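Heads up: the structure comes next, in structure tokens.
The values are calculated or read from the model by the stated rules, or taken from the named source; none is laboratory data. Computed from a predicted structure; not experimentally measured. In this analysis, Cβ positions are derived from the backbone assuming ideal geometry, glycine residues included, and neighbour counts consider all displayed protein chains.
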Amino acid sequence: MHHQSSHRALASLGLALACFAGTADAQTPPSGRLLASNCFQCHGTNGKGPGFDSLAGKSASELYSELKEFQSGKEGQGIMAKHAMGYTDAQLRALADWLSKQR
Amino acid sequence: MDRRQLLLAGGVGVLAGGLSACGGGTTAEATLADGMQRALSERSSGTSTTSTVLPAATAGAGRVLVLGGGMAGTSVAKYLRLWGNLDVTLVERNSAYTSNIMSSLVLTGQRSLSSLQYKYDTLRSRYGVKTVFDEIVEIDPVGVKVRLRSGTVLSADRIVLAPGIAFDPVPGLDDPKLMPHAWQAGPQTTLLAQQLAAMPAGGVVVLTIPKTPYRCPPGPYERACLIADWLKARKPGSKLIVLDANPDIVTEVDNFSQAFYGLHANVIDYRKGVEISSVDTRTRTLFTNFGAVQGNVVNLIPPQRAGALVAAAGLANATQGRFAAVDVLSYASTIAPKVHVIGDASGTTQPKAGHIANQEAKVCADAIVRLFGGGQPDPAPVTNSACYSTITMSQASWLTAVFQYDGANRVMTPVAKSSAASVGWNKDNFEQMSTWFNALMADTFA
């Protein structure tokens, strides 16, 4: 795990502003959001830091395949590997998909 | 903005020190130095995700009162506003929160208490949460009303109750300052730090661990490790007697066993199944089922129950009347459906700790948003717990678990493969502990 890039965090700020207002008063939660919120404690609200690697806006397939690698144990038995083992395949897909739409 | 300022603004890794694991509810009794507040407020109100003001709730929007501004209450207030068109008011006794997480590092002088203080400015300015700083006197769980010390009565459509923990009285503990718990960060933490600093080398420290469930399962064990390491360096020849009311180490057994019986064996005297029946503060003596134990400094962590508001509202119907039973799909009380109880005050299968309290808050917020919209809570919520434990003053271990909803038994169940700890401890984990802590606090307060 690496600290997120500060430059990237800064660059994503403006985009965060833009997408925020549109979702603010939706009373039917978008699919995957509550699942993805499990990531926020360590990767920032909406996956945008501060914290460990920023997740927002990565492609869904990239996030999903990284999580599957962690889950398989190929990346060792670190905290993120153990964590990934707690989710079903469908849950990993749903949260990766939601995070990929955060800009 | 140079890099250092940016890091400060984002709250990442400003302070080298890290520590303690778990977190918890509101009751911090602290008052702060102004300068520290300023530094802190700069840190917690800087950049991060959503630097815009959310639109205010529209007329007729649902109203939610959040009672208690600790890890659970602050998180739920933030996410109710972020996710819903709702009018949210947070009621809290103190104008700042002092983090329990990392607070054992104050005992070893590695962290200042003021560095652990968080204000509610960002909740107001960025998320539009209304704040009321007052003492809650009475909750009407049916009428959904709250009466405050000032005489004000607040009413809403729903209440989220997050009062954290309260301590059982200990017979003979006439002055809690003489045997501080330091388990709600604040003046008690300072007091214990002062008593440890004043102790002569070769002295005896006693730390007591209450029966489960208590706030932050690994917390007392990591504190014991940390104090032991500090005693070696600063008070040579001293001993730390750990009196555990539980039959054995309750969590992260491999790491804490290796630390207690190996690394710190020349300092720590660990005694299992020892319950405190009464104390004599004058002689600093604890009377137990295994005889009397005396120390120069006594860190007495009493048995715990939900914050007093839970019992006062008649909602303490779990764990032999100690905590609130809830439906873990929404955290609604099983007695009063319009009152939700989250964090350490609820009785669930999940640990009482700040990281998971933050996630319980999100599940609760999501459910409340759905309920106001005429829907039903998510039928398959997931929560997670993660934390780091100090094994020495510069090395840490980690512990994690993911919980899935078990519909047949209506409980959150830990996924076996995900319930794990690090194999041993190291300096990298100690550094990651700071990243984790700052991220968690930002997701809660910023």
- Check whether at least one residue in the range A:58-65 is buried (at least 20 other Cβ atoms within 10 Å of the Cβ), more than 23 Å from B:MET412 (Cα to Cα) and modelled with pLDDT of 95 or more, and report yes or no. yes
- Task: Within the range B:303-318, track down each residue that is of a type outside the set (Gly, Ala, Ser), over 21 Å from B:CYS364 (Cα atoms) and out of contact with any helix residue (DSSP H, G or I) (no Cβ under 9 Å at 6 or more places or on another chain).
- Result: B:PRO303
- Task: Test each condition in (1) within 23 Å of B:ALA365 (Cβ to Cβ); (2) crowded, with 24+ Cβ neighbours inside 10 Å; (3) not polar (S, T, N, Q) for B:VAL298 and report the one that comes out false.
- Result: (1)
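The rows are residues; the columns are (1) in contact with a strand residue (DSSP E or B) (Cβ under 7 Å, 6 or more places away or on another chain); (2) part of a loop (DSSP other than H, G, I, E, B); (3) modelled with pLDDT under 75; (4) surrounded by fewer than 21 Cβ atoms within 10 Å (Cβ to Cβ).
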residue: B:MET36; (1), (2), (3), (4): yes, no, yes, yes
residue: B:ARG43; (1), (2), (3), (4): no, no, yes, no
residue: B:THR47; (1), (2), (3), (4): no, yes, yes, no
residue: B:THR50; (1), (2), (3), (4): no, yes, yes, no
residue: B:PRO55; (1), (2), (3), (4): no, yes, no, yes
residue: B:THR58; (1), (2), (3), (4): no, yes, no, yes
residue: B:LEU65; (1), (2), (3), (4): yes, no, no, no
residue: B:SER75; (1), (2), (3), (4): no, no, no, no
residue: B:LYS78; (1), (2), (3), (4): no, no, no, no
- Is it true that B:TRP425 is of a type in the set (Phe, Trp, Tyr), touching a helix residue (DSSP H, G or I) at 6+ places or on another chain (Cβ under 9 Å) and away from chain A (no Cβ under 11 Å)? yes
- Task: Answer yes or no as to whether B:ALA365 is closer than 18 Å to B:SER330 by Cβ and more than 14 Å from chain A (Cβ to nearest Cβ).
- Result: no
- Task: State which residue pairs qualify: first residue closer than 15 Å to B:VAL205 by Cα and inside the range B:279-292, second residue surrounded by fewer than 10 Cβ atoms within 10 Å (Cβ to Cβ) and not polar (S, T, N, Q) in any location, beta carbons under 7 Å apart, and separation of 6 or more residues or different chains.
- Result: B:THR281/B:ASP175
- Task: Tell me, yes or no, whether the range B:274-289 has at least one residue that is over 20 Å from the mean Cα position of the chain (by Cα), surrounded by fewer than 17 Cβ atoms within 10 Å (Cβ to Cβ) and of a type in the set (A, V, I, L, M).
- Result: no
- Task: Any chance you could count how many residues in the range B:419-428 are without any contact (Cβ under 8 Å) to a residue 24 or more places away in the chain and under 27 Å from A:THR88 (Cα atoms)?
- Result: 2
- Message: Suppose we filter the range B:304-328 for residues that are within 24 Å of B:ASP378 (Cα to Cα) and either modelled with pLDDT under 95 or surrounded by fewer than 20 Cβ atoms within 10 Å (Cβ to Cβ) (or both); how many remain?
- Response: 2
- Message: Given the options B:PHE403, B:PHE437, name the one that is crowded, with 24+ Cβ neighbours inside 10 Å and part of a helix (DSSP H, G or I).
- Response: B:PHE437
- Within the range B:109-120, can one find any residue that is part of a strand (DSSP E or B) and among the aliphatic types (A, V, I, L, M)? no
- Note on the structure: Filtering the range B:148-169 down to residues that are surrounded by fewer than 21 Cβ atoms within 10 Å (Cβ to Cβ) and not in a strand (DSSP E or B) yields B:ARG149, B:SER150, B:GLY151, B:THR152, B:ALA156, B:ASP157, B:ASP168, B:PRO169
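Residue by residue, here is whether (1) facing another protein chain (nearest Cβ under 9 Å); (2) touching a residue at least 40 places away in the same chain (Cβ under 8 Å); (3) not in a strand (DSSP E or B) holds:
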| residue | (1), (2), (3) |
| --- | --- |
| B:THR349 | no, yes, yes |
| B:ASN358 | yes, yes, yes |
| B:PRO379 | no, yes, yes |
| B:CYS387 | no, yes, no |
| B:MET393 | no, yes, yes |
| B:SER397 | no, yes, no |
| B:ASN409 | no, no, yes |
| B:PHE430 | no, yes, yes |
- Query: How many residues, within the range A:39-69, are hydrophobic (A, V, I, L, M, F, W, C), within 11 Å of chain B (Cβ to nearest Cβ) and either farther than 17 Å from B:GLN432 by Cα or assigned to a loop (DSSP other than H, G, I, E, B) (or both)?
  - Reply: 2
